[in-house]
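The values are calculated or read from the model by the stated rules, or taken from the named source; none is laboratory data. Everything numeric in this text was worked out from a predicted model, so none of it was measured. Cβ sites come from the backbone with ideal geometry, for glycine too, and all protein chains shown count toward neighbours. For accessibility, only protein heavy atoms count, side chains too; no ligands or nucleic acids. Shrake-Rupley method; radii C 1.70, N 1.55, O 1.52, S 1.80 Å.
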There are 2 protein chains.
Amino acid sequence: MASEKWDQDKQTERNGLPSRSKGGEKMISSIAELIADRIGTMPAGERRAAQTLIASYPMIGLKTVAEFSATAGVSSPTILRFVARLGFQNYPEFQSSLQDELAAQLQSPATRTLNPPSPGGGTVSPMLEATLDNMRETFRHLSDGQLADIAARLVDRRGKTFLIGGRFTDPLARYMAAHLAVVQPDVFHLAGQESMWRDRLIDMGKRDVLVIFDIRRYQDSLARFAEKAHQRGVQIVLFTDQWLSPIARFARHVIAGRTAVPSAWDSSAALFVVAEMLIGAVTRQLEAEGAKRIREMESLR
Amino acid sequence: MASEKWDQDKQTERNGLPSRSKGGEKMISSIAELIADRIGTMPAGERRAAQTLIASYPMIGLKTVAEFSATAGVSSPTILRFVARLGFQNYPEFQSSLQDELAAQLQSPATRTLNPPSPGGGTVSPMLEATLDNMRETFRHLSDGQLADIAARLVDRRGKTFLIGGRFTDPLARYMAAHLAVVQPDVFHLAGQESMWRDRLIDMGKRDVLVIFDIRRYQDSLARFAEKAHQRGVQIVLFTDQWLSPIARFARHVIAGRTAVPSAWDSSAALFVVAEMLIGAVTRQLEAEGAKRIREMESLR
DNA sequence: CAAAATACGTAACATATGATACAGCGTCCC
DNA sequence: GGGACGCTGTATCATATGTTACGTATTTTG
């Protein structure tokens with residue numbers, strides 16, 4: 001009776017990561033980091049391979065060399081040179097390493113939740129941390145109800161929607177306008193000279209909504225504009241920072257986002273996220289009509 | 001754009017699970033369930049294979065038939081009969097299916113976390129969760145070093161900086177341009193008609209940097225532009241999504257942000273945050289000169 | 001208990017897959 | 001502007017890998 005080992009294969013003395021021998025260097029604990037570390041020293045083709053792998057990490061690396069090379073748009077040998085440069089003896093060894101890493105990840109979902117404790121030198125991590133905190137804080141003070149109200153106001157299509165922003169926040173207004181305009185008519189982004197938008201005031205009335213982005217340092221021109229719009233009965237939705245732009249006084253809805261980050265600039269990321277959610281909420285509510293509209297629009301392109 | 005399922009992975013028409021043809025039967029959505037369903041009807045050897053796979057699911061299934069058979073203590077043909085009984089045509093097909101399953105899991109970490117749907121049928125929270133996850137994921141694959149490299153490239157002021165974006169991402173380009181233009185000269189945002197920017201190509205050369213934002217659906221016009229710029233030796237920095245815009249091919253640096261959220265739209269929030277960090281990094285490096293410049297600018301206002 | 005059917009492993013086979021040699025091309029440097 | 005170097009793709013090669021055929025062992029059934 002064959003009590004021996006079956007297809008006994010040479011029992012892979014599975015190596016972990018390739019030798020990062022020297023002391024004093026930074027700790028490399030995953031292939032992704034290894035790549036990030038060396039991507040700077042790679043030639044163009046291999047860098048494409050690296051980027052492709054990182055983009056859908058690590059799945060591509062588990063497929064065959066041929067598939068990998070195809071998605072990366074390079075030849076097979078380039079892929080092999082790439083893994084060789086990472087320090088692996090051959091492709092299967094590289095794949096094994098990826099699998100081990102995956103296995104470890106799957107077993108401890110905890111490690112997925114947050115980044116490695118962020119080494120001291122990291123100039124990025126503190127900023128990322130701050131940004132994430134900002135978002136949590138922003139949403140702690142922002143209920144679903146409020147967002148739903150605003151979304152409802154934007155959906156209620158008896159009037160028009162105008163959007164405008166300040167020096168650095170105008171792109172947010174544009175971003176929101178670009179999306180809203182797809183799902184509903186009468187969405188206008190106010191750009192250009194102050195005199196330009198002031199003239200649009202004449203088109204605005206009670207049933208219209210004006211979305212304003214204004215963070216420090218608040219711009220007088222925006223405040224003036226907001227006041228006039230308010231006088232005409234326009235409903236104002238204000239995106240501002242935690243210190244509240246003076247426009248808050250005229251606004252029907254105020255969204256106060258946290259903006260503090262360890263940088264010379266304030267961060268608009270939290271406001272950006274709120275804007276995206278509003279876009280999402282509006283789109284969802286318009287699903288029925290919106291779908292038709294979107295199809296029409298597609299056929300026009 | 002709109003109306004696609006949000007975590008929909010482009011490629012892989014790859015057969016999902018084997019034919020669970022009949023209606024009325026219980027839904028099988030993973031290979032693990034499929035096995036649990038059929039393990040009762042399997043002969044001894046295949047059952048050992050099944051148990052082995054379940055025990056360290058799904059890693060063993062990604063290895064070779066030989067390794068699988070060895071760990072299960074059966075012969076290779078038994079493994080093959082096992083996967084055949086599950087309904088797969090051959091072993092590679094079985095592996096692909098496992099990989100797809102894994103990829104789906106990895107891409108929506110939110111679902112792993114098993115968060116209670118949050119009070120009030122909140123439409124907001126899942127989106128916030130997804131957004132935060134996107135950021136964590138994005139930065140997991142993005143090292144300080146890479147950002148520093150790109151920042152250095154932007155700081156190295158022997159050339160000009162051009163920024164451009166797609167239909168919905170152009171505001172990001174604007175946002176970044178607005179900030180960079182404050183701390184350094186020769187920053188240009190390319191807007192308007194395609195013909196407008198194409199004419200600017202003539203000003204671009206080896207020492208210049210072109211920052212492009214391009215996410216699904218990728219715009220041909222941007223790709224054409226990128227290619228021409230690349231031919232002129234312009235250094236391209238690409239902000240894209242995890243599926244990589246075709247422009248990645250020409251890019252010197254690629255930043256792949258996660259964009260999947262439970263909404264009809266893709267989210268650019270992660271890219272926005274990266275952009276802010278880049279702005280911060282550049283500003284920091286230019287501190288000395290920058291401070292002077294900013295003071296000058298202040299006095300001009 | 002005998003005979004048939006099923007299950008399983010051994011060994012040979014075909015091929016998909018990774019590895020290598022080499023030549024063309026672009027780039028950098030002198 | 002010319003020569004050397006390095007990078008990349010094509011074509012070829014070796015082999016690891018999945019697959020199949022077949023004979024033996026085991027279980028099932030009348």
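What to note about this one:
- Peptide B:141-152, shielding by other chains (average Cβ, 10 Å cutoff): 5
- Leading residue at positive end of dipole, the range B:31-108 (Cβ point charges), from B:Ala36, B:Pro58, B:Ala72: B:Ala72
- To the nearest 10, the accessible area of A:Glu33 is 60 Å² with a 1.4 Å probe.
- Average partner coverage of B:176-183, which counts Cβ from other chains inside 10 Å: 2
- Label-point spacing at B:Ile54 relative to the other copies reads 4.1 nm, in ascending order, each point sitting 7 Å out from Cα along Cα→Cβ.
- Each copy carries a label point for B:Glu93 at 7 Å from Cα toward Cβ; from one copy, the others' points are 3.5 nm away, ordered from shortest.
- Average beta-carbon neighbours from other chains, 10 Å sphere, peptide B:65-72: 3
- Prolate/oblate/rounded label for the range A:172-212 (Cα gyration tensor, a/c 1.5): oblate
- Shortest-first nm distances, A:Lys206 label point to equivalent points in other copies (7 Å, Cα→Cβ): 6.8
- Rg to Rh, two decimals, where the range A:126-300 supplies the alpha carbon set and Rh follows Kirkwood: 0.97
- Take each peptide in B:49-57, A:190-198, count the other Cβ atoms within 10 Å of every residue, and average; sorted highest first, the result is B:49-57, A:190-198.
- When chains B and A come together, the accessible area they lose, probed at 1.4 Å and totalled over both chains, is close to 6900 Å².
- Of the solvent-accessible surface of the range A:152-301, computed with a 1.4 Å probe and all protein chains present, 48% belongs to carbon and sulfur.
- Residue-normalised accessible area of the range B:31-108, expressed per residue, 1.4 Å probe, Å²: 40 Å²
- Computed on protein heavy atoms with a 1.4 Å probe, the accessible areas place B:Arg224, B:Arg153 in the order B:Arg224, B:Arg153, largest first.
- What a 1.4 Å probe finds exposed on the range B:31-108 is 56% carbon and sulfur by accessible area, rounded to a whole percent.
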